[in-house]
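*Asks:* Here it is: the structure, laid out below.
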């Protein structure tokens, strides 16, 4: 089963059961964004997590095995994304990438923010002029090694 096919099965079952990413996150003891990453083939589950997920979605147990495989990370094609929401993240990095890099280097030194030792949270901020999306990313700072 291809990753896309697996993702489609998982999303269809999630929709049929009317279960949210939050619900699945609570079931697995994980954040909803991590659960979404698992479903989209960008993370791997432990055997216990995979089993709990397929049982919650009433899917065959053999799907659990696929969820424990190491993923091929990075699902976007190497072109500018066309989905409007995903494109906005690309646009944000185009506009604020270098300023963020400069501020991080000024604060921490020469290095990167890990995407491995990393968490991301999505929050809804109520605003009278329209609700706002708040995304909080937290990654370990990794200084470049000198040798």
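*Asks:* Could you please tell me which pairs satisfy a Cβ distance under 8 Å, a separation of 6+ or placement on different chains, a first residue in segment 112-135 that is at positive phi, and a second residue that is in a strand (DSSP E or B)?
*Replies:* Between residues of segment 112-135 that are at positive phi and residues that are in a strand (DSSP E or B), there is no close pair.
*Asks:* Can you tell me which residue among 27, 10, 57 is touching a residue at least 24 places away in the same chain (Cβ under 8 Å), surrounded by 17 or more Cβ atoms within 10 Å (Cβ to Cβ) and over 16 Å from the mean Cα position of the chain (by Cα)?
*Replies:* From the options 27, 10, 57, the qualifying one is 57.
*Asks:* Tally time: how many residues in segment 98-133 are surrounded by 10 or more Cβ atoms within 10 Å (Cβ to Cβ) and part of a strand (DSSP E or B)?
*Replies:* 13
*Asks:* Looking at the structure I just gave you, is residue 68 free of Cβ contacts under 8 Å to residues at least 40 places away in the same chain and either surrounded by 14 or more Cβ atoms within 10 Å (Cβ to Cβ) or at positive phi (or both)?
*Replies:* For residue 68, the condition - free of Cβ contacts under 8 Å to residues at least 40 places away in the same chain and either surrounded by 14 or more Cβ atoms within 10 Å (Cβ to Cβ) or at positive phi (or both) - is met.
*Asks:* Further question on the same structure: Look at residue 104 and say whether it is outside the structural domain of residue 16 (by TED's automatic domain parsing), more than 17 Å from the chain's Cα centre (by Cα) and touching a residue at least 24 places away in the same chain (Cβ under 8 Å).
*Replies:* yes
*Asks:* Continuing with this model, one more query. Look at residue 48 and say whether it is in a loop (DSSP other than H, G, I, E, B), within 22 Å of residue 22 (Cβ to Cβ) and either modelled with pLDDT of 95 or more or under 20 Å from the mean Cα position of the chain (by Cα) (or both).
*Replies:* Judged against the criteria, residue 48 is not a match.
The values are calculated or read from the model by the stated rules, or taken from the named source; none is laboratory data. The model shown is predicted, which means the values in this text are computed figures rather than measured ones. Here the Cβ is made from the backbone with ideal geometry for all residues, glycine too, and neighbour counts use every protein chain on show.
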